[in-house]
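Enquirer: My questions will all concern the structure given below.
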Amino acid sequence: MSDQLKPCPFCGGKATISVKGLDERSAYAEVVTISCEKSCAQVTRRDDDNPKSSYALSGTGMKAGIAIWNTRPSHASIIAQCAAIARDGCLVPPDGGEPTQAEYEMCQEIAQAIEALTPT
Ligand SMILES: [Zn+2]
């Protein structure tokens, strides 16, 4: 099952899956936890309840957990998005006018500081 998993989005490490079965009070659902082997990221999902029976919908937690894990953005792409917001998003002053040169330069400096956080 773990061969379906992409590596950790933060460190590139191997991902592992653990499954815990719950009892009748939780409709026998399984709780699926996907973790980086170095413990820097984790996703946990539980099987959905089945409205038509007292048993949970088997496999839905696993499917959702793998989907979420495999679509996590990388650390580098999150930083790039934050820098873009700083560069462009803060250039709209509250009064709706044009930013001053000082405001423009401040936004560029913030974006560069954020980009400096990109992992190498
Ligand atoms: Zn990791």
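Enquirer: Could you tell me whether the range 56-76 includes any residue that is over 25 Å from residue 6 (Cβ atoms), over 23 Å from the mean Cα position of the chain (by Cα) and not in a strand (DSSP E or B)? Full working, then the answer.
Expert: Within the range 56-76, the subset over 25 Å from residue 6 (Cβ atoms) is 56.
Cutting the leftovers down to over 23 Å from the mean Cα position of the chain (by Cα) gives us 56.
Restricting the remaining residues to those that are not in a strand (DSSP E or B) gives 56.
Yes, the conditions are met somewhere in the range 56-76.
Enquirer: Return the residues of the range 30-55 that are within 16 Å of the ligand (Cβ to nearest atom) and among the acidic types (Asp, Glu); say none if nothing qualifies. Can you show your working first?
Expert: Going residue by residue through the range 30-55, those that are within 16 Å of the ligand (Cβ to nearest atom) are 33-44.
Within the range 30-55, just 37 meets the criteria.
Enquirer: Counting only residues that are aliphatic (A, V, I, L, M) and farther than 26 Å from residue 73 by Cα, which one in the range 1-34 is modelled with the lowest pLDDT?
Expert: Of all residues in the range 1-34, those aliphatic (A, V, I, L, M) come to 1, 5, 15, 17, 19, 22, 27, 29, 31-32, 34.
In the following step, the residues that additionally are farther than 26 Å from residue 73 by Cα were identified as 22, 27, 29.
Numbers: 22: 95, 27: 92, 29: 96.
Out of the qualifying residues, it is 27.
Enquirer: Checking the structure you have, find out if any residue of the range 83-95 is surrounded by 14 or more Cβ atoms within 10 Å (Cβ to Cβ) and over 30 Å from residue 113 (Cβ atoms).
Expert: No: zero hits.
Enquirer: Mind listing whichever residues of the range 7-29 are away from the ligand (no atom under 15 Å from the Cβ) and part of a loop (DSSP other than H, G, I, E, B)? Steps first, answer last, please.
Expert: Narrowing the range 7-29 to residues away from the ligand (no atom under 15 Å from the Cβ): 18-29.
Residues satisfying the conditions are 22, 23, 27, 28, 29.
Enquirer: Evaluate the following for residue 68: is it buried (at least 17 other Cβ atoms within 10 Å of the Cβ) and within 16 Å of the ligand (Cβ to nearest atom)? So that I can check it myself, show each step before the final result.
Expert: Details: buried (at least 17 other Cβ atoms within 10 Å of the Cβ): no; within 16 Å of the ligand (Cβ to nearest atom): yes.
So residue 68 fails the test.
Enquirer: Here is a follow-up. Going by what's in this entry, would residue 79 be described as surrounded by 12 or more Cβ atoms within 10 Å (Cβ to Cβ), within 30 Å of residue 29 (Cα to Cα) and within 16 Å of the chain's Cα centre (by Cα)? Step through it out loud before you land on a result.
Expert: Numbers: surrounded by 12 or more Cβ atoms within 10 Å (Cβ to Cβ): yes; within 30 Å of residue 29 (Cα to Cα): no; within 16 Å of the chain's Cα centre (by Cα): yes.
No; evaluated as a whole, the condition is false for this residue.
Enquirer: Which one of these does residue 84 not meet: (1) assigned to a loop (DSSP other than H, G, I, E, B); (2) under 30 Å from residue 111 (Cα atoms)?
Expert: The single condition residue 84 does not satisfy is (1).
The values are calculated or read from the model by the stated rules, or taken from the named source; none is laboratory data. Please read all numbers here as calculations on a predicted model, not as lab measurements. Quick reminder, even Gly has a Cβ in these numbers, built from the backbone with ideal geometry, and neighbours come from all protein chains shown.
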